[in-house]
Structure formats: structure tokens, C-alpha cells
Amino acid sequence: MMRNATISEQRVNIDGQRLLRRIEQLGNVGSIPGGGVCRLALTDADRVGRDLVVQWMRELELDVAVDAIGNVVATRRGLEDGPPVMTGSHIDTVRTGGRYDGNLGVLAGLEVVAALNDAGVMTRRPLAVAFFTNEEGARFQPDMMGSLVYVGASPLEQALATRGIDGATVAEELARIGYAGAAAVGKPKVHAYVELHVEQGPVLEEEGFVIGAVEGVQGISWTEFTIEGQSNHAGTTPMRLRRDAGYAATQIACYARRLAEEMGGNQVATVGSLTLSPNLVNVVSNRALMTVDLRNTEEGALQEAERKLFAYAEAAAATEGVLLARRTLARFSPVAFVPELVARVEAIAEELGLTVMRLPSGAGHDAQMLARICPACMIFVPSVGGISHNVKEFTEPADLVAGANVLLRLLLELAV
Ligand code: HGY
Ligand code: MN
Ligand code: MN
């Protein structure tokens, strides 16, 4: 990617206050106590958020297309036709979401369009701003579902038939909120993809940098374990006769934590969901449903972690005399972004006088899916305290605007 400076770069400027206002406004949709947001994918709150962003897209005179999995792609014409340069992210959140995760990338993309409109600048290539359906994977698994379908890596029908943690299917919920779109999935083809996102971890802040030139995304392995034991009386059942699903589940959860600590490096393990039945104080659990989220930047290490976890789980179940079943909810190998684009993020940040460092992404992102069909990269800005998926998620306004300025410059380079 050769640098292609043009006079337009001097005339096009991010309006930081306008960007911050939109982040605030969208953050008020599905807001929850503590300053956070709950807009689980395809809920009414997600619909309201989608409607607001689509309204802004239309006010910016973008051509808005909704595809069959609910992805929304808004395109600004270029002087020439052809595959657009795309930016974007997601606007669905986890249950205890912050107002920047995903939202920043979409709204910074709209801010780039607004800045181009203000300056009356036309880019050679079209520019597209997208938000993808169900990036979080909190209600429907896997995560990055919309972008996975967009790049053709998951069949549309399979995604539509997916039943969420509350029993509804993706197809039902898309229809219910009015986002079962008519546009063909995977259109338009994409020339290049750049995503601005908060880091969601502690690295940039701890190391004292403003911009992250993201080298890639680590591998993700989500497994659901179903454990069937025997409910029994908590008082009368001798320990030797118990088949306690809850005990087996908690052993697996503790092992997952030990495994990550013993493996070290970038290995992480999380048991985020654990439901016991009948979940009563005086009944030995007859059923446990739990998830284990394993991640590592190295594919080989991630496979080793999976092997060890599965072997331990089977042995623990056998010892306790309970039945164990497991289901893969998501499995993505690590992804490396295009070195030339990573280098451009670094160079542009330096040209703007911003401190910049390279780092991997611990979180999954739509960019890791777009990387399957076009050159892709990401720009990070710091998360205060490294907090995310938490109502206290926060990024300094100056850093949000700095990230948008790096995004603007790189998109201009790619689109002119
Ligand atoms: O799980 C993730 O990394 C992302 O937030 N979906
Ligand atoms: Mn995100
Ligand atoms: Mn997230």
C-alpha cells in the first residue's frame, strides 16, 4: 500500500465534538445503571440502536443496504465504481456492555463520511461504513456471526437457524425487529477493511501509548459442557453415593483457570456461564450447563489447551459418575493482519504526532473475518484500566478523536 498524499487530506477534518455527541447518543440507547449499555443482538434495544445509526447513515446521504443476516452496509459513492474501502464494527453489546466496544468503530466511520461531506471531497473508490450482526455472540453463538456469514465462512441458513440462550432463533428475531434484509449477503465485495476499536485490555494504558497498530487477533475456542448427574437429598445422601453435576462442573471450572496459569504466555481461560439445576440449596445438582472460553495467540497452544481441558473434563465426569457432553460454540484460529496496513497505521499515527505500538488483539473482532476476503487491519485506542464488557468501560475523549483521525487518514489513502 503506497502512501498517496493528496490535498484533500488537509481539507478533511474530524469534528471530535460531533463524534463524541453520537457516541453519547447511541450510548443512551439500552443504557443501564453505571453508565453502561445492554443491547444484546436482535433485541428491541438493538433495534432502537440500529434505527438510530441507520437514520444517521441516511442523513449523511449514504446508500443503506440491509442483508439477510441483518448486516447493514452504508455506501458513499466514489468517483469510480467498484469495491469500496470499508470501515465499521458492531453495535450489539454484551449484557454489561460499555458505550465504546464496537460503537466507536461504526460512529468513527460515520464521522469520516461527515468530514468528507463537509469538505466536499469525493474519493476515487466508494467508501462503506458497516455494522455487522451479533458480533458479541453473547445471545447467539458464535460471535462475529454477521461478518462470518458476510465473508462466506458460515452458511446463511445455519446462522438463521441458530437458537439463542433464550430459545429464540436468529431468523425469528431478525424478522421481529425488521432487519431481515433483502440485500445479498457478502455484497459489496470489499477492497480493504479498517476497523477502529477500543483495546479492551490494559496494554496501551500500561505501556503509555495512544494508538495500537494491531498485528492480528488471537484464536478463540468456545465450548459448552452439559453434565447430567442425579438430583438427591443434600442431607440424607452419603458422599459416596452422590453423582453431583455441580461438583463436576466446578472442578472443570477450577481446572480451566489452573490450565491457563500453568500454560502462561497469552493463554487465557474463562468460565462465564454456569447454570445448575435444580439450583436449590438442599438438592444435589442433577444438571450443569457451562461454557469455557479458551484463547491463545498460538494455534498449537490453543489446541493443546483444548486437549487438556477435554481430557480433564472427561476424567472428572467419570470419577463423579456423571455424563458429560460437549458442543463447540465458536472456534477461530489466530488471524494476522496485512503487514503493509499495520505499518501504515503505525506511520500515520507517527505523522500525526501520536505514540503508537504494535500489539495483538485479545478480543475477537469483525476485522478477523473480513481479513479472509480482503486486506484488513485494526486501530486500537486505550481502555482506561483495561476494563471492557463492564459498564465502567471508558476511553478518554482525546484518544477517541485521535483514533478517528488515524482512521480518516488511512481510509483516505486507501480510497483516493
Ligand atoms: O468475545 C469477544 O472477543 C468479542 O467481544 N465478541
Ligand atoms: Mn467489539
Ligand atoms: Mn465485545
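Some notes on this structure:
- Subset of segment 278-305 that is among the small types (Gly, Ala, Ser) and either more than 15 Å from Glu224 (Cβ to Cβ) or under 21 Å from the mean Cα position of the chain (by Cα) (or both) - its residue that is surrounded by the most Cβ atoms within 10 Å (Cβ to Cβ): Ser285
- Residues that are in contact with a Ser or Thr (Cβ under 7 Å, 6 or more places away or on another chain) and in a loop (DSSP other than H, G, I, E, B) were ranked within segment 103-134; the one that is surrounded by the most Cβ atoms within 10 Å (Cβ to Cβ) is Phe132.
- Any hit, segment 57-74, residues being in a strand (DSSP E or B) and within 16 Å of ligand 3 (Cβ to nearest atom): no
- When the residues of segment 25-54 are filtered to those that are assigned to a helix (DSSP H, G or I) and without any contact (Cβ under 8 Å) to a residue 24 or more places away in the chain, the one that is surrounded by the most Cβ atoms within 10 Å (Cβ to Cβ) is Ala45.
- Residue count for segment 306-335, restricted to those that are surrounded by 18 or more Cβ atoms within 10 Å (Cβ to Cβ) and over 27 Å from the mean Cα position of the chain (by Cα): 6
- Ile91 being assigned to a loop (DSSP other than H, G, I, E, B), aliphatic (A, V, I, L, M), under 23 Å from Cys374 (Cα atoms) and within 16 Å of ligand 2 (Cβ to nearest atom): yes
- Applying the criterion of being of a type in the set (S, T, N, Q) and assigned to a loop (DSSP other than H, G, I, E, B) to the residues of segment 375-413, the residue that is surrounded by the fewest Cβ atoms within 10 Å (Cβ to Cβ) is Asn390.
- Of the strands (runs of 3 or more DSSP E) lying entirely inside segment 280-368, those containing at least 1 residues that are of a type in the set (A, V, I, L, M, F, W, C) and within 16 Å of ligand 2 (Cβ to nearest atom) span 323-332, 356-361.
- Out of Thr123, Thr133, sole residue that is under 16 Å from the mean Cα position of the chain (by Cα) and either more than 20 Å from Ala330 (Cβ to Cβ) or within 16 Å of ligand 3 (Cβ to nearest atom) (or both): Thr133
- Subset of segment 91-109 [touching a helix residue (DSSP H, G or I) at 6+ places or on another chain (Cβ under 9 Å) and of a type in the set (Val, Ile, Thr)]: Ile91, Thr93, Val106
Here, each number is a calculation from the coordinates, and none is a lab measurement. These numbers come from a predicted model, not from an experiment. FYI the Cβ positions are ideal-geometry reconstructions off the backbone, even for glycines, and counts take in every protein chain you see.
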